[in-house]
Amino acid sequence: MGICTSSTGQCRPHQSPVNINTKKVKHDSSLKPLYIYYDPKSSRRLVNVGHCFNVEFDDTNDKSVLSEGPLTGNYRLRQFHFHWGSSDRDGSEHVIDGQQYPAEIGEANPEIQNIIENLDKVKSRNKECPFTRFDLANLLPKDRNYWTYLGSLTTSPFLECVTWIILREAIPISSQQLDHFRSLLCTAENEEATFILENHRPIQPLEDRVIKSSCKNMVYKH
Ligand SMILES: [Zn+2]
């Protein structure tokens with residue numbers, strides 16, 4: 001995948017996140033189902049990276065991989081993280097039919113609770129703690145239908161190297177659990193405390209891109 005930015009003048013910017021207009025999405029019957037195999041034994045640590053916290057995995061071999069779908073080859077699981085907003089009204093990066101979501105307010109999620117019980121150990125920037133036997137597959141929704149398009153990282157350096165796959169089913173999270181995320185600090189231990197109240201990038205223009213869906217007439221499930 002090439003990196004193309006507006007500064008090269010060769011093509012229009014392909015940044016993320018974007019609004020997914022479900023009426024303009026094209027169903028692509030050649031899109032395969034996603035193959036997700038995540039081994040809980042590969043989970044390693046929680047790390048506060050300043051703008052969010054990462055759950056990191058051992059990616060030295062093909063133990064935990066994502067493949068098929070729109071992808072070519074195996075993508076090893078290295079880390080995952082959440083985005084949130086200062087209130088429960090927003091926080092998601094991708095927006096569906098103009099509607100922002102906070103990740104989706106619902107019942108307390110047991111997998112997220114497992115993470116939250118360890119967040120105190122990584123309250124300030126650069127703190128980390130061991131975090132093992134985390135089952136990411138359990139956190140993901142059962143419905144594996146998805147939207148896909150080519151875009152970018154949503155944090156610096158915003159490289160346009162990402163095949164985005166957005167599952168159509170929301171992951172429930174409670175208001176209280178989101179409050180725990182907002183209690184993390186973007187500052188180091190010896191600095192004046194500043195909370196990570198929000199960490200989502202605003203939507204970017206879709207330009208000439210077409211978003212594809214894995215099934216017909218796909219709507220958001222929440
Ligand atoms: Zn992110």
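Key figures
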item	result
Residues (free of Cβ contacts under 8 Å to residues at least 40 places away in the same chain and either within 16 Å of the ligand (Cβ to nearest atom) or of a type in the set (S, T, N, Q) (or both)) located in the stretch 100-130	Gln100, Asn114
Yes/no for Ser87 being within 27 Å of Lys123 (Cα to Cα), more than 15 Å from the ligand (Cβ to nearest atom) and not in a strand (DSSP E or B)	yes
Test: residue in the stretch 148-158 that is exposed (fewer than 14 other Cβ atoms within 10 Å of the Cβ), in contact (Cβ under 8 Å) with a residue 24 or more places away in the chain, over 15 Å from Asn54 (Cα atoms) and under 19 Å from the mean Cα position of the chain (by Cα)	no
Answer from His51, His81 - the residue that is over 22 Å from Ala170 (Cα atoms) and within 14 Å of the chain's Cα centre (by Cα)	His51
Subset of the stretch 49-66 that is hydrophobic (A, V, I, L, M, F, W, C) and farther than 30 Å from His27 by Cβ - its residue that is farthest from the ligand (Cβ to nearest atom)	Phe57
Thr163 part of a loop (DSSP other than H, G, I, E, B) and within 16 Å of the ligand (Cβ to nearest atom)	no
Filter pass, Ile165 being at pLDDT 95 or above and within 23 Å of Pro17 (Cβ to Cβ)	yes
Residue in the stretch 64-71 that is surrounded by fewer than 17 Cβ atoms within 10 Å (Cβ to Cβ) and at pLDDT below 95 present	no
Pairs, first free of Cβ contacts under 8 Å to residues at least 40 places away in the same chain in the stretch 195-215, second of a type in the set (Lys, Arg) and surrounded by fewer than 20 Cβ atoms within 10 Å (Cβ to Cβ), C-beta under 7 Å, six or more apart	Phe195/Arg182
Residue ID - farthest from Leu167 (Cα to Cα), chosen from residues in the stretch 67-84 that are in contact (Cβ under 8 Å) with a residue 60 or more places away in the chain and either within 16 Å of the ligand (Cβ to nearest atom) or hydroxyl-bearing (Ser, Thr, Tyr) (or both)	Trp84
Sole residue being hydrophobic (A, V, I, L, M, F, W, C) and in a loop (DSSP other than H, G, I, E, B), chosen from Leu66, Leu153	Leu153
Answer from Asn48, Asn126, Asn109 - the residue that is closer than 18 Å to Phe195 by Cβ and buried (at least 18 other Cβ atoms within 10 Å of the Cβ)	Asn48
Leading residue by the ranking (nearest to the ligand (Cβ to nearest atom)) among those in the stretch 131-144 that are in a loop (DSSP other than H, G, I, E, B) and surrounded by fewer than 19 Cβ atoms within 10 Å (Cβ to Cβ)	Leu140
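The values are calculated or read from the model by the stated rules, or taken from the named source; none is laboratory data. Keep in mind the model is a prediction, meaning the values are calculated, not measured. Cβ sites come from the backbone with ideal geometry, for glycine too, and all protein chains shown count toward neighbours.
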